[in-house]
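A short worksheet on the structure shown next.
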Amino acid sequence: MLHKFTTLHTRNKQACLTNPKTINLYFHIHINGLIQVTLFITFLLFFFFQNAEKTIFFVDMEEMKERFVRLLLGEDMTGRGKGVSTALALSNAITNLAASVFGKQNKLVPVPEDRKRKWRKEIDWLLSVTDYIVEFVPSQQIGKDGSNMEIMVTQQRRDLLMNIPALKKLDAMLIDCLDNFKDQKEFWYVPEDVDESIERWWIPRVKVPQGGLSDESRKWIQHQKDTCNQVLKASMAINAQVRSEMEIPETYIDTLPKNGKTSLGESIYKSITDEFFDPGQFLSTMDMSSEQNVMDLKNKIEASIVIWKRKMNYKEMKSSWSSNISPEKRELFEERAETILLLIKQKFPALAQSSLDVSKIEHNKDVGQSILESFSRVLESLANTVTRLIEDVLKADEMAQNPSLGMNKKNQSMDSMSASPRSICTLGQLMDRTTLVHSPRETPMLADAKAWGVDHEELMETNGNCSPSLKIKHVKILTKAKMSYIEKLEAYGLRSPTARH
């Protein structure tokens, strides 16, 4: 039966092909089909070559789905409702991603291409959440009759609209800075036997030619350091601003005493409230021989600041906040405490997060703030790592020019390590310490530092060169006059952190 049908179909086809009308129709159909197939293949090739990133995005769709499912479940893949908040899950994801990509960056070499692609791809996924955090803003619309109407339109929230592009710019500047060291041949790294008595023994030792670097290389490396310092200051400024805007959790407030004197202790309170106050002299009298002592002082200072601010904001509650101290004096004490806190954070930039900062991040429900805080924090850590690595090269160059400095610096290093808290760690160790786990109660301390101020417009116009307007000027310390936070940073931010690995 099938044979008969095939024979009949063949005869009909041959008969059709002998008819001129059917011949034209037959070729018309087949030629149109070939054209359509050709156009389709051309479109696919064009789409692939012109939209390579989108093609990769579709290939990685399953991976992205898995990542966002984990975030939506609060890192609790069992689905039992024991996960953390979405804001904290996103913060954890950005921190862990940075640790996996930059955790082993202990040399001035470009980031490997595979890790660079991973960073750009996954950070774009995580930052894409901010595209849907919007607010209503007024806008003008022209009607059909030519009249002007004011309507409300949605726009990305202002803090995200300003800071996300700035942080992306800082990210690109850091990656470019590392890429610039690809073809340099004036210094190199040599493996060294593990000797934990040596400062930063985990970092490969830098070697430079006998006599030091050339003048051209020295200037170029200094320029790279200036660029990284600019990135560091900007990321620290954004991070400090975001954390200052986070709401103080009630759980933290419940643990505070009723007055600053109880929080600080008799001796510290007396020093801060004295008529003549010198923050540098105050810190020199404090016991900072261990990291725990520094952390205790930092927590006490922050707690007293919160107490004094709450008293000024709720001064009508006289029954529970009664005090003989005038609001003006309380404001002065608060400014002095903030100055001390700022100096502590500059002197020990790798110090773990304070109780207040950890509490803010754990209980924060604002997804936008969480993304800004974590993204700026990891960029701050990477910028400081690169800055320290560049400083190592410059120190090696200095010792090559003057070998007698080598022994003196080594002795000073040993003395400083025995007399100061452990404030130096690798970026990998920092990220390991800052990685947040599933339960907020088990959250370890996060990396912390306050910042210098930087203008967003100046930042976006920067192409790796230090803007003269970003240079920090030495200003005399004054505690009686009201100073903004940024002014204080400019006054006391005289150098970049030197121990933030």
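Points to keep in mind about this one:
- Amide hydrogen proximity for ARG205: with H placed 1.01 Å from N in the peptide plane, the residues at 5 or more positions away or on another chain lying under 5 Å are VAL190, GLU192.
- When only alpha carbons are used to place a centre, region 58-96 and region 139-178 end up 27 Å from one another.
- Prolate is the label for region 252-347, because a/c, from the alpha-carbon gyration tensor with a ≥ b ≥ c as root eigenvalues, is 1.5 or above and a/b exceeds b/c.
- Order of ILE344, ILE142 under a 10 Å beta carbon neighbour criterion, fewest first: ILE142, ILE344
- For VAL134, the residues 5 or more places off, or on other chains, whose built amide H falls under 5 Å of its own are ARG157.
We did not get these values from a lab; they are worked out from the coordinates using the rules stated. Keep in mind the model is a prediction, meaning the values are calculated, not measured. All Cβ positions, even for glycine, are placed from backbone atoms using ideal geometry, and neighbour counts span all protein chains on display.
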